[in-house]
Amino acid sequence: MEKELLTRLEAAVTRLEVLSVARSSPPATPRGLRGAPSALDPSISAFDELVDNYLVRVSAAAAKIGGPVLDATMLVEEAFAVLKQLIFRINQCQKPDAAGITGCLKPLNDVIVKANSLTEGKRSEYFNHLKTAADSLSALAWINYLGKGCGMSMPVAHVEDTWQMAEFYCNKILVEYRNKDQAHVEWAKAIKELYLPGLRDYVKNFYPLGPVWVTNASSPSCSNTKSPATSTPAPPPAPAAPIFTSESAPSHPKVGMSAVFAEINSGKPVTAGLRKVSDDMKTKNRADRISVVATVEKGGHASTSATSKIPPKFELQMGRKWVVENQIGNKSLVIDECDSKQSVYIFGCKDSVLQVKGKVNNITVDKCTKMAVVFTDVVAAFEIVNCNRVEVQCQGSAPSVSLDNTSGCQLYLSSNSLSCCHSIYTAKSTEINVLVPGAGPDSDWVEHSLPEQYVHTYKNGEAIQFVGVALIFLHPLLSSMAKRLIPSFNRVLVEKIVPPSKTSAGILLPEKTTKLNSGKVVAVGPGSLDKNGNRIPVSVNEGETVLLPEYGGTEVKLGEKEYHLYRDEDILGTLRD
C-alpha cells in the first residue's frame, strides 16, 4: 500500500513539474506565425495565473487523496494544458472553416472523452469525484462559441451553466466527507473555485463574446500550421489501423436471397462448395461424447426496446407546455425562455440534467431514473412520480413538493427558497432526503431524512393517536370520547353551535344574508414548530366559544354528533361571556 502511494505521489510531482515547465516556456511558435512568447500575451499570462492560483490547489488536494481522484485530476490538468494551446493558436491564426475548427478541438474532446470513461463501469467509492471532474470539463467548450445561432450560451453563461451540472456531485462530496476527511472537502472546494470564479472571470475579462481569431490575411490558417522544423526530424508515427478497408472491388457482391439465386443459376453443382465430412467427424464416433447433453450458453436476446427506440423529444407544445421525453445521457438541457403560465413535463429520461431558468407554473417528473432537475421558481407545485434516484435543486421558491411512488430523492433547497413555507408530501416513497444550507455562509449542507415509518398507538382502548403525521384521521367513536382526542400540530376540534331555525311556537325564523357561525372548542393540538424547532402554542383554549368562517374546516362525525377540525389561523375570533 505504501509503495503504491509513493508511486502515485511521484507521478503527481512529475506531472506538476511538466506543467511548470510548460508555463515557464511558451509553446513552439508555428512557422510564419506572428507574435512573441506567452509572457507578452496578456491572455496567456492571465491563463498561467489561473493555473497557479486555482488548478495547483486542486492538484495538491488530489495528491493527498490519490487513487482514481488523482487520475481524474490529471485529466483536468491535461485539459487545461490543451485549452492553453488552443488559446495560443486563436491569437496567432485565422479562423478556419467548420472542418478545421473540429480538427483544432479534437485534442480537447479526446481528453473529455477520457474523463467520462472513468465514470463508466462498476461504480467506485469515488464516483462523485469522477463525475465532478468529468462534468466540469464541459465548461472548457466555451472556446467553441461561434456566435448567435450556434446552439450554445454565451461563454460566461456557458461556464456557469455547465458547472451547475457538476455541482450536484460536488455537493455530495461535501456532505459525505465533512466529518470524515478534510482532504476531500478541500478538493471539492478547490475544483469549484477553479471554475467559479476562476475560469468564469478569465473568460469574462478576455473572451466575453467568444474566441477572437486573427483577421490579417497574411496570418496562416489554424488547420495549416505546422511545428517548426528541427535539425533531426522526428520519424512519422505509425499509421493507425483503418476502421474501414479502402480496397475497392470492381462491383459490389450480391447479398441476401439474390446471391442465393445467382449461385443456383450459375450452373455449378449445388454441393460444390460443401466440405467432406469424414467418419471421425461424425457425432457417433466422437471420442469426447458423453451421456448428458451439454448446455450451450446462449446470448441474450436483443430487447424489443432497443429495436424500437423512441426518439427523444424537447419542445414547447401549443405555447403552454414544455415536453422533455426520452432523453438519455443528455446533461445540457436548458429551458431559458419560459413564463409563469407554462408547465414542464419530464418523462422517461435517464442520466440527464435539465435546467429551468425562470418562473413556471408547475414541473412534473414522471418515470425517470438518475434524473437531475435545477429550477428557479414554480407557482403551483413540483411533482415527482414513479421515479428512481432523482435529484432536485430549488434555487427560488416552490409552495409544495410532492413525491409519489419514488425510491431515492435528494431535494436541495437554497437559502432563498427557505424564506417561503415548503410543504413536502410523500406517498409510497423511500429514501427521501432534504438538504438545506447551514447557518453560516461557509457552512456545509444540512441533511434531513423524511420518515418512512409511523407509530399508531391504541390509547386507553378508546382512541387511536397517530404520531409523526401532520393530519389527524378519526374513526367513528363515542361522542363522549371527543374531548380525549389530541389534534396534531395547530389543529382545533370544534363543536358547532347551530342557531335555531324555529321559535318555540313553531314559527320559522328568516335567514340572515351573512351567516355568523360559532362553536365550542373541544380539543386543541400542541402547536406548530418554527424554523428553529420551537413550539408555537395554539391561540385558543378548550371550552372557549369561537367565531368560525362560513366555509372551511374538515367535518368529523363521532357517534351521533358532528365536529369540525380547523387550523388555528382559520379561527376568526373568541366570544367572551
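The values are calculated or read from the model by the stated rules, or taken from the named source; none is laboratory data. Bear in mind that the values here come from a model prediction, so they are computed numbers and not experimental data. Heads up, the Cβs are rebuilt from the backbone with ideal geometry, glycines too, and the neighbour counts pull from every protein chain shown.
Can you say whether Val323 is under 21 Å from Ser414 (Cα atoms) and among the hydrophobic types (A, V, I, L, M, F, W, C), as far as the supplied structure shows? Quick ask: steps written out before the conclusion?
Details: under 21 Å from Ser414 (Cα atoms): no; among the hydrophobic types (A, V, I, L, M, F, W, C): yes.
No, not satisfied.
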* Do you know which of the residues in the stretch 337-379 that are assigned to a loop (DSSP other than H, G, I, E, B) and in contact with a Leu (Cβ under 9 Å, 6 or more places away or on another chain) is modelled with the lowest pLDDT? -> Glu337
* To do: Please work out which residue is farthest from Ile191 (Cα to Cα), limiting yourself to the stretch 17-63 and to residues that are at pLDDT below 90 and basic (Lys, Arg).
  => Arg31
* **Asn179 being part of a helix (DSSP H, G or I) and polar (S, T, N, Q)** => no
* Tally of residues being of a type in the set (A, V, I, L, M), surrounded by fewer than 19 Cβ atoms within 10 Å (Cβ to Cβ) and over 17 Å from the mean Cα position of the chain (by Cα) across the stretch 308-360 -> 4
* Structure fact -> Going through (1) surrounded by fewer than 21 Cβ atoms within 10 Å (Cβ to Cβ); (2) over 26 Å from Val373 (Cβ atoms) one by one, Thr73 fails only at (1)
* Report yes if Asp377 is touching a Lys or Arg at 6+ places or on another chain (Cβ under 6 Å), over 29 Å from Phe127 (Cβ atoms) and free of Cβ contacts under 8 Å to residues at least 40 places away in the same chain, otherwise no. => yes
* Candidates Val385, Val434, filtered to the one that is over 27 Å from Trp163 (Cα atoms) and within 17 Å of the chain's Cα centre (by Cα) -> Val385
* To do: Tell me, please, whether a residue that is basic (Lys, Arg), assigned to a helix (DSSP H, G or I) and surrounded by fewer than 20 Cβ atoms within 10 Å (Cβ to Cβ) can be found in the stretch 98-115.
  => yes
* To do: Residue by residue through the stretch 416-437, note down the ones that are surrounded by fewer than 13 Cβ atoms within 10 Å (Cβ to Cβ), in a loop (DSSP other than H, G, I, E, B) and either β-branched (Val, Ile, Thr) or modelled with pLDDT of 75 or more (or both).
  => Lys428
* Pick from the stretch 518-577, criterion touching a residue at least 60 places away in the same chain (Cβ under 8 Å) and surrounded by fewer than 12 Cβ atoms within 10 Å (Cβ to Cβ), ranking: nearest to the chain's Cα centre (by Cα) -> Lys531
